[in-house]
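*Asks:* Here's a structure for you.
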Amino acid sequence: MARMSALPEDRVATANPSPLNDYDRMAEGYSAENDSNLLNAYYERPAMLELAGKVAGRRILDAGCGSGPLFAELRERGAVVTGVDASAGMLELARRRLGAGADLRVADLAGPLPFPDEAFDDVIASLVLHYLEDWGPALAELRRVLKPGGRLLVSVDHPFSVTLFQQLAGEKPRYFETRSRTDEWTLGGLTVQMRFWDRPLHAMTEAFTAAGFRISVVSEPPFVPAARDLFPEKLRDIEPTRTRFLCFLFFVLEADQAPVTINRRD
């Protein structure tokens with residue numbers, strides 16, 4: 001996603017691709033970038049797999065699976081994986097990667113999911129929720145398809161990094177608002193407009209709690225050590241003793257409580 005308005009590296013959760021967030025049109029270029037870049041291949045995916053832990057035999061929904069790199073890693077570790085994505089173009093690439101037998105379905109995270117209640121042990125929503133203005137319906141569906149005690153693993157744009165880059169760009173910070181942001185990506189000779197929805201940390205945690213999740217982990221993980229040698233220019237301003245940078249925020253949520261209503265004064 002356009003996190004720092006620079007690298008096009010996550011996946012879409014909105015249906016009916018349009019001039020905004022048109023993953024069908026940029027599927028090939030996006031997938032190639034995602035497979036080998038710093039933020040996805042050497043930061044976000046390794047961090048998500050570390051949080052997932054031992055997954056052998058677990059039924060996992062990869063919600064917003066894109067071209068399937070995370071699906072492939074989870075399956076290699078013994079998980080029984082199902083993938084959904086709103087982009088048919090991305091799912092075509094996923095089928096090439098994963099084989100005809102992979103369970104892949106077109107589905108919009110903002111609408112009903114084509115699964116029965118309590119179908120999965122875990123759901124992984126990797127860099128997708130920040131495409132949605134309203135997290136409520138999506139989280140309710142993800143909670144529904146999780147068995148009691150199941151986990152929802154989430155990664156999103158770090159709200160502090162978004163605010164930091166607004167300030168560096170000379171914009172007025174709007175941290176406490178839920179607001180849209182449109183960035184421009186160029187991939188494989190194609191330029192597309194990408195829309196994201198930024199929100200403060202308290203809005204994220206309240207949405208999780210309201211949907212019936214308990215927050216068990218909040219993580220700001222390190223990048224893979226090998227990244228220093230592979231991306232020296234991008235990491236040159238990070239001191240040798242540091243292994244973290246401000247980019248994404250990760251959560252592990254447990255589906256072990258009934259949804260609640262939160263009343264808040266802004």
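Bear in mind these aren't lab numbers, they're just calculated from the coordinates by the rules spelled out. Predicted model, so just to flag it, every value in this text is computed and none were measured. Here the Cβ is made from the backbone with ideal geometry for all residues, glycine too, and neighbour counts use every protein chain on show.
*Asks:* Straight-line reach from Lys147: which lysines have a Cα under 24 Å away, not including same-chain ones fewer than 8 places off?
*Replies:* Lys54
*Asks:* Subtracting the Cα-Cα distance from 0.36 nm times the residue separation, let me have the gained length for Glu206 to Asp134 in nm, one decimal.
*Replies:* Gain in length upon complete extension: 24.7 nm.
*Asks:* Through the Karplus equation 6.51 cos²θ - 1.76 cosθ + 1.60, θ set to phi - 60°, convert the phi angles of the stretch 190-197 into ³J(HN,Hα) values in whole Hz; use x for Gly and Pro.
*Replies:* 9, 10, 10, 9, 10, 10, 10, 10
*Asks:* When the chain is fully extended, how far beyond the present Cα-Cα distance does Val106 get from Thr243, taking 0.36 nm per residue of separation?
*Replies:* My answer for the length gained is 45.6 nm.
*Asks:* Now for a different question. Fewest first, what order do Thr82, Thr205 take by the number of other Cβ atoms within 10 Å? Intermediate values should be presented prior to the final figure.
*Replies:* Working: Thr82 24, Thr205 16.
So the residues, fewest neighbours to most, are Thr205, Thr82.
*Asks:* How would you rank Trp197, Trp185, Trp135, going from fewest to most other Cβ atoms within 10 Å of each one's own Cβ?
*Replies:* Listing Trp197, Trp185, Trp135 from fewest to most nearby Cβ atoms yields Trp197, Trp185, Trp135.
*Asks:* Where in the chain is the longest stretch that carries no trypsin sites (Lys or Arg not before Pro) classed as loop by DSSP and with at most 11 other Cβ atoms within 10 Å?
*Replies:* Details: sites that count: Lys54, Arg236, Arg242, Arg244, Arg264, Arg265.
The longest uninterrupted stretch comes out as 55-235.
*Asks:* So what's the convex hull volume per residue for the Cα atoms of the stretch 119-244, in Å³?
*Replies:* 167 Å³
*Asks:* Counting other C-beta atoms within 10 Å, which of Val217, Val192 has the fewest, and how do the rest follow?
*Replies:* Result, fewest neighbours first: Val217, Val192.
*Asks:* Semi-axes of the stretch 27-254's equivalent ellipsoid from the Cα gyration tensor, sqrt of 5 times each eigenvalue, largest first, rounded to whole Å?
*Replies:* 26, 22, 19
*Asks:* Can you tell me what percent of all Cα-Cα pairs in the stretch 105-150 are more than 14 Å apart?
*Replies:* So the pairs more than 14 Å apart make up 49 percent of the total in the stretch 105-150.
*Asks:* Taking the simple approach of a point 7 Å from Cα along Cα-to-Cβ for both Arg97 and Val217, what is their distance in nm?
*Replies:* Distance between label points: 2.1 nm.
*Asks:* How large is the translational diffusion coefficient of the stretch 62-178 in µm² per second when you combine the Kirkwood radius over alpha carbon pairs with Stokes-Einstein at 37 °C and 0.692 mPa s?
*Replies:* This corresponds to a translational diffusion coefficient of 211 µm²/s.
*Asks:* Looking only at the chain, where both bridge partners belong to it, what percent of the DSSP beta bridges are antiparallel (to the nearest 5)?
*Replies:* Taking every DSSP beta bridge with both residues in the chain, the antiparallel ones total about 50 percent.
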